[in-house]
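The block underneath contains the structure these notes are about, expressed in structure tokens.
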Amino acid sequence: MPAPFRIYNTLSRTIEDFAPVKDGHVGIYVCGMTVYDHIHVGHARAMVVFDAFVRYLRHREWDVTFVRNFTDVDDKIIKRANEVGKDPVALAGEFIGHFHDDVGALGLANPDHEPKVSETIDGIQAMIGNLVNSGHAYEQDGTVWYSVESFPEYGKLSGQKVEELRSPDEVPGKRAPADFALWKAVKPGEPAWDSPWGPGRPGWHIECSAMSLGDIGETLDIHGGGLDLVFPHHENEIAQSEAANGKKYVNYWMHNGLLTMTSGQKMGKSLGNVINVRDALSQFPAESLRLYYLQSHYRSPLPWGPEALPEALAMLGRLYEARENAEAMGGSEPVEQVISGLGEDAKKVFELGQGFTSRMYGALDSDFSTAQALGYLFELARAVNRLANHKKAKKRGGPVVAPALAAFASVAETLGLMAMSSADFMAEVKEKRLAAMGVSHDAVEQLLTDRRQARADKDWGRADEIRNQLDEMNIVVMDRADGSDWKVRLVAAN
RNA sequence: GGCGGCAUGGCCAAGUGGUAAGGCAGAGGACUGCAAAUCCUUUAUCCCCGGUUCGAAUCCGGGUGCCGCCUCCA
């Protein structure tokens, strides 16, 4: 039996108990990308949030149908294609490839369906035809408009009143300012498909109505997307689908908050302040991005600044450190014996480890509070590290730390954090941070070799000199009983 | 102008009725040849003013500030 959960519904502006259309099943549709450029870290937040959400639902034994579309027919694509002299649909195809590269690098699972507008023309035309026949839409000079006044509930999602909207555009053939295009008559230089209303292409909003109908059905359990899509996009989808199908379109509207710059502005292409995912990933491991997104609630605005990723990486390093400490512990005594031998800290880590899963479920079942779940995770990590400070922990701590290791594994499965081996993680950190700072691996190794010799000679002056030199390169040297290791400093000193 | 949201310690951020999780940064201590990592200690009357309540960061009213949407946008 799938576990019940609660989720905020934009439609009601409250957190509601989730009730599925079909027992045990969640049909979720998320608005994907208009593919005419690389994705930026703002887009990636939505992708990561919904990826983690779907992973979690599956972990909790829901049968999930996850659909995320591509808009590959669109004004902006056409404009870009004309600029570079390519076919628009082909250009979109290229960026779909880049998209897959980027989200793959972010560790996202593929949705069950990734429909494209260019492959859904029939479904779109069928729905438009339906709307025309039922009087919800009208054709004018080869363009089909949706008549907003034909749908009395228009505005129920966004709270907008049609009369109050700004309406700057005066378009010939359009009866009311709020009406929007379902089908656009062909213009020179644009891709077009034949239709009962003449050659043309779909308007923006209709695609999601048609694609979700095709891949999930008339009523979606959950429809997701960025908060900026509430109006007009999602409002228009409701109007189209409910008018065409006569059924409630979406039971739960789930909107993620937007990235904001530390200046307060949102990150957006039109503002020219975007950071591409591929650039961020060239400098930081994917999981540091995931952690950055998941450390705050998905509906909150999330500030982006130069410290965001270094800080997330420092946090992540802490988690990996804790797991390494736990993994290093051995022993096979009964838990009670270990606790009586090692004391309170052993008891604490055992209890926190055992209780972690239900605490995490509690947080995630309550409007997917990944931030709270991560708080619990860090508490557990600290308890592990505290125990690790005990002299006997390495030899005997294994049994009491076993639940913590299981907890870390469940975090990897549901949130996609700590999903790598520590060795791979450290290697990725070194590679990316060195590259970002323009320091070569060989140079570091050479200095380290020199310093090892100095230390062997007990030439502490020389050893410190080299340490300082490395320090200036943001390389931190760690001396251990079994030799020296090094790592890249994660956060620059303030 | 209309609609919606947010305001918690130096910074980020959970928490929606019973006296404030977590992270980053800072300070002190343990540890270390020196460091790093780690651990311990340490910093909040939760924007302001009223109200409801035995009790509010948490509910209600008013105010101030910030943000998003109303044109493409995750």
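The values are calculated or read from the model by the stated rules, or taken from the named source; none is laboratory data. Quick caveat: nothing in here was measured; it's all calculated off a predicted structure. Quick reminder, even Gly has a Cβ in these numbers, built from the backbone with ideal geometry, and neighbours come from all protein chains shown. To get the accessible areas, we keep the full protein, side chains included, count just its heavy atoms, and leave off ligands, DNA and RNA. Shrake-Rupley method; radii C 1.70, N 1.55, O 1.52, S 1.80 Å.
Give the stretch A:385-421 a look and list any residue that's within 16 Å of RNA strand B (Cβ to nearest atom) and among the β-branched types (V, I, T), or say none.
If the condition is that a residue be within 16 Å of RNA strand B (Cβ to nearest atom) and among the β-branched types (V, I, T), then A:V400, A:V401, A:V411 are the ones that fit.
Could you grab me the full set of residues in the stretch A:368-391 that are surrounded by 14 or more Cβ atoms within 10 Å (Cβ to Cβ), of a type outside the set (S, T, N, Q) and either in contact with a Phe, Trp or Tyr (Cβ under 8 Å, 6 or more places away or on another chain) or farther than 18 Å from A:R318 by Cβ (or both)?
A:F368, A:Y376, A:L377, A:L380, A:H390 - these are the residues of the stretch A:368-391 that are surrounded by 14 or more Cβ atoms within 10 Å (Cβ to Cβ), of a type outside the set (S, T, N, Q) and either in contact with a Phe, Trp or Tyr (Cβ under 8 Å, 6 or more places away or on another chain) or farther than 18 Å from A:R318 by Cβ (or both).
Could you check the stretch A:58-74 and list, in sequence order, the residues that are out of contact with any strand residue (DSSP E or B) (no Cβ under 9 Å at 6 or more places or on another chain) and either within 15 Å of RNA strand B (Cβ to nearest atom) or assigned to a helix (DSSP H, G or I) (or both)?
A:H59 - this is the single residue of the stretch A:58-74 that is out of contact with any strand residue (DSSP E or B) (no Cβ under 9 Å at 6 or more places or on another chain) and either within 15 Å of RNA strand B (Cβ to nearest atom) or assigned to a helix (DSSP H, G or I) (or both).
Select from the stretch A:440-457 the residues that are open to solvent by 30 Å² or more (accessible area, probe 1.4 Å) and under 41 Å from the mean Cα position of the chain (by Cα) and list them in ascending order.
A:S440, A:H441, A:D442, A:A443, A:E445, A:Q446
Given the conditions (1) of a type in the set (A, V, I, L, M); (2) within 16 Å of RNA strand B (Cβ to nearest atom); (3) under 25 Å from A:D72 (Cα atoms), and given that A:V186 satisfies all but one, which numbered condition is not satisfied?
For A:V186, the exception is condition (2).
Could you please tell me which pairs satisfy a Cβ distance under 9 Å, a separation of 6+ or placement on different chains, a first residue in the stretch A:1-26 that is among the polar types (S, T, N, Q), and a second residue that is open to solvent by 20 Å² or more (accessible area, probe 1.4 Å)?
What qualifies is A:N9/A:I15; A:N9/A:E16; A:N9/A:N251; A:T10/A:S158; A:T10/A:L227; A:T14/A:Y8.
Just one of (1) open to solvent by 10 Å² or more (accessible area, probe 1.4 Å); (2) among the aromatic types (F, W, Y); (3) within 19 Å of A:A244 (Cα to Cα); (4) within 16 Å of RNA strand B (Cβ to nearest atom) trips up A:Y138, so point out which.
Looking at each condition in turn, A:Y138 falls short on (4).
I'm told A:D365 meets every condition in (1) out of contact with any strand residue (DSSP E or B) (no Cβ under 7 Å at 6 or more places or on another chain); (2) closer than 30 Å to A:W253 by Cβ; (3) within 16 Å of RNA strand B (Cβ to nearest atom); (4) open to solvent by 20 Å² or more (accessible area, probe 1.4 Å) except one. Can you identify the failing condition by its number?
Condition not satisfied by A:D365: (1).
Only one of (1) out of contact with any strand residue (DSSP E or B) (no Cβ under 7 Å at 6 or more places or on another chain); (2) assigned to a helix (DSSP H, G or I) is not met by A:S300, so which one is it?
Single failed check for A:S300: (2).
Within the stretch A:371-384, work out how many residues are in contact (Cβ under 8 Å) with a residue 60 or more places away in the chain and more than 9 Å from RNA strand B (Cβ to nearest atom).
Counting residues in the stretch A:371-384 that are in contact (Cβ under 8 Å) with a residue 60 or more places away in the chain and more than 9 Å from RNA strand B (Cβ to nearest atom) gives 0.
Is it the case that A:D194 is within 18 Å of A:E207 (Cβ to Cβ) and without any contact (Cβ under 8 Å) to a residue 12 or more places away in the chain?
When the stated conditions are applied, A:D194 passes them.
Given (1) over 24 Å from A:S296 (Cβ atoms); (2) crowded, with 24+ Cβ neighbours inside 10 Å, identify the lone condition not met by A:D37.
So A:D37 meets the others, but not (2).
Conditions: (1) within 12 Å of RNA strand B (Cβ to nearest atom); (2) open to solvent by less than 30 Å² (accessible area, probe 1.4 Å); (3) modelled with pLDDT under 95. A:P191 meets all but one. Number of the miss?
(1)
When the residues of the stretch A:1-57 are narrowed to those that are outside any helix (DSSP H, G or I) and of a type in the set (D, E), which ends up nearest to A:H98 (Cα to Cα)?
A:D37
Within the stretch A:1-34, restricting attention to residues that are open to solvent by less than 10 Å² (accessible area, probe 1.4 Å) and among the aliphatic types (A, V, I, L, M), which residue is nearest to the chain's Cα centre (by Cα)?
Among residues in the stretch A:1-34 that are open to solvent by less than 10 Å² (accessible area, probe 1.4 Å) and among the aliphatic types (A, V, I, L, M), the one nearest to the chain's Cα centre (by Cα) is A:V30.
Based on this model, can you work out whether A:K116 counts as within 16 Å of RNA strand B (Cβ to nearest atom), open to solvent by less than 60 Å² (accessible area, probe 1.4 Å) and either among the polar types (S, T, N, Q) or assigned by TED's automatic domain parsing to the domain that holds A:L11 (or both)?
Taking the combined requirement at face value, the residue satisfies it.
What do you reckon, is A:T414 among the polar types (S, T, N, Q) and in the same structural domain as A:S332 (by TED's automatic domain parsing)?
Against the criterion (among the polar types (S, T, N, Q) and in the same structural domain as A:S332 (by TED's automatic domain parsing)), A:T414 qualifies.
State yes or no: is A:V338 surrounded by 20 or more Cβ atoms within 10 Å (Cβ to Cβ) and out of contact with any Leu (no Cβ under 9 Å at 6 or more places or on another chain)?
Yes: the conditions hold for A:V338.
Spot the failing condition for A:P285; the list is (1) within 11 Å of RNA strand B (Cβ to nearest atom); (2) of a type outside the set (F, W, Y); (3) crowded, with 18+ Cβ neighbours inside 10 Å, and only one is missed.
A:P285 satisfies every listed condition except (1).
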